[in-house]
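The values are calculated or read from the model by the stated rules, or taken from the named source; none is laboratory data. Fair warning: this is a prediction, and the values are worked out from it, not measured in the lab. Don't worry about glycine lacking a Cβ; one is built from the backbone with ideal geometry, like all the others, and counts go over all protein chains shown.
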Amino acid sequence: SFKKSLGQNFLIDTNILHNIVSEADLTKEKGAIEIGPGIGALTEQLGRAAKKVMAIEIDQRLLPILQDTLSPYENIEVVHGDVLELDLKKLIEEKMTGVEKLSVVANLPYYVTTPILMKLLEERLPLENIVVMIQKEVAERIAAKPGTKDYGSLSVAAQFYADTEVAMIVPASVFVPRPNVDSAVIRLKVRDRPPVEVDDQDVFFRVVRSSFAQRRKTLLNNLMNGLFPKTQKDEVIQMLTDIGIDPTRRGETLSLDEFARLANEGMRRGLIT
Ligand code: SAM
């Protein structure tokens, strides 16, 4: 039986499985990490395409099935555990020796998509690509450009660490059981360094969160509501004007570069500490 609470919707369409694997640009020199192998359909394809595969599964009941399905593949190792709790850096060092490059390829459990993606990105794991099936709506938010309705802190965070692209939209009919939402495969090409110069990463993300706090408010109102001291409104307006950002704009129209300028200059002027 399926465990809904663990986001168990298994992929049954071989074509889709092939397409996902091909998005990751795997070769027999590269490694793959799968999160949530389920009953191992995608895992098998990864075993054929990559040099080594590590598959992390939380549901103990699936382990015997996986062992059975994957027994012909000597290059696949199943790790039992919660991906959010595991020390991935250490696991990679232990189990992924001798691979040229490493990617995450998975049909993610939707209830923990964002924490998993943020963990993969923030821990700066040595990854080339992250190719994952997720809820379509989340994929669109991740890849959204400034000024669109989907653009928010998640877009900025993902795009800070990776080049993002929605690779394909996938109908609910290719899963068993059928999920209630549409799905999409997103490809994150992990960056060596951020696309913008940021003096302090924590400050940068504080500025971003604060700018998106209330979408109908102006950038200035959002910034004065928590980030900057209320007594320094004039200084903040002056700073925004000096760096070429109109204070009456909405936070969701700012590019990564503008957020970076705002964070860096706010610190230089002693307005953010
Ligand atoms: N890869 C399979 C497929 O494509 O058919 C299954 C994908 S299913 C959407 C998600 C899988 O992730 C399930 O097997 C579930 O048990 C597992 N899972 C859920 N939460 C997890 C977690 N925190 N850590 C590791 N695996 C998890």
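What the table shows:
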item: Failed criterion for ILE116 (all others in (1) under 23 Å from the mean Cα position of the chain (by Cα); (2) crowded, with 18+ Cβ neighbours inside 10 Å; (3) away from the ligand (no atom under 11 Å from the Cβ) hold); result: (3)
item: Conditions (1) near the ligand (Cβ under 8 Å from one of its atoms); (2) modelled with pLDDT of 95 or more; (3) touching a helix residue (DSSP H, G or I) at 6+ places or on another chain (Cβ under 9 Å): number failed by ILE12; result: (2)
item: Residues (assigned to a strand (DSSP E or B) and away from the ligand (no atom under 12 Å from the Cβ)) located in region 55-83; result: ILE76, GLU77
item: Given (1) near the ligand (Cβ under 8 Å from one of its atoms); (2) in contact with a strand residue (DSSP E or B) (Cβ under 7 Å, 6 or more places away or on another chain); (3) not aromatic (Phe, Trp, Tyr), index of the condition LYS3 fails; result: (2)
item: Test: residue in region 18-28 that is under 21 Å from the mean Cα position of the chain (by Cα), near the ligand (Cβ under 7 Å from one of its atoms) and modelled with pLDDT of 95 or more; result: no
item: Subset tally (residues that are crowded, with 20+ Cβ neighbours inside 10 Å and within 13 Å of the ligand (Cβ to nearest atom)) for region 102-112; result: 6
item: LYS89 vs. criteria surrounded by fewer than 21 Cβ atoms within 10 Å (Cβ to Cβ), near the ligand (Cβ under 9 Å from one of its atoms) and under 27 Å from GLN135 (Cα atoms); result: no
item: Breaking point among (1) free of Cβ contacts under 8 Å to residues at least 12 places away in the same chain; (2) within 17 Å of LEU127 (Cβ to Cβ), for VAL99; result: (1)
item: Selection from region 1-46 of residues that are buried (at least 18 other Cβ atoms within 10 Å of the Cβ), of a type in the set (S, T, N, Q) and in contact with a Lys or Arg (Cβ under 9 Å, 6 or more places away or on another chain); result: ASN9
item: Single residue of GLY38, GLY47 found to be touching a Phe, Trp or Tyr at 6+ places or on another chain (Cβ under 6 Å), near the ligand (Cβ under 8 Å from one of its atoms) and either part of a loop (DSSP other than H, G, I, E, B) or not acidic (Asp, Glu) (or both); result: GLY38
